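What follows is a short report on a single structure.
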Amino acid sequence: MNDKLIVRDYFNNTGFERWRRIYGDEAVNRIQHSIRVGHQRTCERVLEWLGDVHDQSICDAGCGLGSLSFPLAERGARVFATDISEKMILEARRRQKSRLPDSDNPRFEVLELEQIDGRYDTVVCLDVLIHYPLDQVEKMLAHLSNRAGEHLILTYAPKTLLFAALKKVGEFFPGANKTTRAYQHRSEDIEAILTRLGWKILRRAAIDDKFYFARLVMTARSASAVAA
């Protein structure tokens with residue numbers, strides 16, 4: 001089974017309840033709480049970096065349950081939010097009825113990342129690339145690059161000895177029946193891809209919390225890409 005099918009199947013089945021709890025406020029175990037905290041810190045940092053988003057168009061690619069989509073919409077951005085999992089999108093729409101009951105913003109759709117169309121001021125892709133090997137990541141970033149006008153923001157799991165050790169002993173990814181494959185990527189590989197696609201790195205952040213390890217990158221169009 002290829003990685004996309006594994007990810008779709010996981011988040012539509014065994015993984016859905018796990019991540020619904022992680023992205024909610026009910027009691028979770030210490031590993032899930034660490035992931036919750038790390039993901040929330042990542043979303044908060046993205047909101048800080050973007051600043052005033054009023055009337056900007058933003059694509060949240062791999063939106064999950066809308067952890068970033070909702071605060072962006074509440075700040076006035078026009079948000080198109082997608083996820084490969086139908087269950088995730090249905091739950092995000094359910095939450096929208098209580099959080100933003102009189103609005104169709106964000107607009108949630110079930111789409112694979114490479115099916116996203118349109119053009120947006122900013123494209124954000126958080127906690128998605130960990131599910132895919134580098135060759136697939138490059139194709140995904142190339143597609144997102146064509147959708148982004150001003151900024152491309154993403155996270156990836158860094159290749160570190162600690163992260164590798166946790167993965168190996170199963171503390172962070174506890175079995176094939178409970179999670180998807182987890183891929184670590186070297187920063188130089190990810191940044192080389194972004195450079196080839198015509199982006200320059202504006203900001204970097206390491207967001208680690210016991211069992212959550214992410215490198216957050218914000219890019220802008222390079223001068224050479226704009227000139228071309």
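The values are calculated or read from the model by the stated rules, or taken from the named source; none is laboratory data. For clarity, every value in this text was computed on a predicted model and none was experimentally measured. Please note: Cβ atoms are built from the backbone with ideal geometry, for glycine as well, and neighbour counts cover all protein chains shown. Ligands, DNA and RNA are excluded from the accessible area calculation, which covers all protein heavy atoms including side chains. Shrake-Rupley method; radii C 1.70, N 1.55, O 1.52, S 1.80 Å.
How much length would be gained if the chain were fully extended between residue 146 and residue 13, taking 0.36 nm per residue of separation minus their Cα-Cα distance, in nm to one decimal? List each step's numbers first, then the result.
Values: separation 133, 0.36 × 133 = 47.88 nm, distance 3.14 nm.
Gain on stretching residue 146 to residue 13: 44.7 nm.
Note on the chain: GNM, Cα springs under 10 Å; of 29, 12, 146, the largest mean-square fluctuation is that of 29. With each label modelled as a point 7 angstrom along the Cα→C-beta vector, the residue 21-residue 201 pair spans 3.7 nm. Working note: Karplus 6.51/-1.76/1.60 with θ = phi - 60° gives the stretch 20-27 the couplings 4, 5, 4, 8, x, 10, 7, 5 Hz, where Gly and Pro are set to x.
Can you show me the helix-derived [θ] at 222 nm for the chain, built from DSSP H runs with n ≥ 4 at -39,500 (n - 2.57) apiece and divided by the number of residues, rounded to the nearest 500.
Values: 9 runs with 98 residues, N = 228.
Theoretical 222 nm ellipticity from helices: -13000 deg cm²/dmol.
The gain in end-to-end length when the residue 3 to residue 222 segment is fully stretched comes to 75.7 nm, 0.36 nm per residue minus the alpha carbon separation.
Once backbone amide H atoms are built at 1.01 Å from N, residue 78 has 55, 56, 57, 58 as its partners under 5 Å, excluding neighbours fewer than 5 places away on the same chain.
Protein heavy-atom surface of the stretch 110-159, 1.4 angstrom probe: 45% of the accessible area is carbon and sulfur, with nucleic acids and ligands not counted.
At 1.4 Å probe size, with every protein chain present, just tell me what the per residue accessible area of the chain comes to in Å². Could the numbers behind the result be given before it?
Numbers: 10830 Å² over 228 residues.
Accessible surface, normalised per residue, equals 48 Å².
Once backbone amide H atoms are built at 1.01 Å from N, residue 185 has 157, 159 as its partners under 5 Å, excluding neighbours fewer than 5 places away on the same chain.
How do 9, 104, 121 rank by accessible surface area computed with a 1.4 Å probe, from largest to smallest? Write down the numbers at each step before the final one.
Details: 9 80, 104 130, 121 45 Å².
My answer, sorted largest first, is 104, 9, 121.
Rounded to 0.05, the FRET efficiency of the residue 47 and residue 161 pair, given R0 = 30 Å and the Cβ-Cβ distance, is 0.45. Computed over the chain with a Gaussian network model linking Cα atoms closer than 10 Å, the most mobile of 199, 49, 19 is 49.
Phi-derived couplings, Karplus 6.51 cos²θ - 1.76 cosθ + 1.60 at θ = phi - 60°, listed residue by residue for the stretch 193-209: 4, 4, 5, 4, 7, x, 10, 10, 7, 8, 8, 9, 8, 9, 10, 10, 8 Hz, with x used for Gly and Pro. Computed over the chain with a Gaussian network model linking Cα atoms closer than 10 Å, the most mobile of 101, 133, 71 is 101. Between the alpha-carbon centres of the stretch 1-65 and the stretch 73-132 there is a gap of 11 Å.
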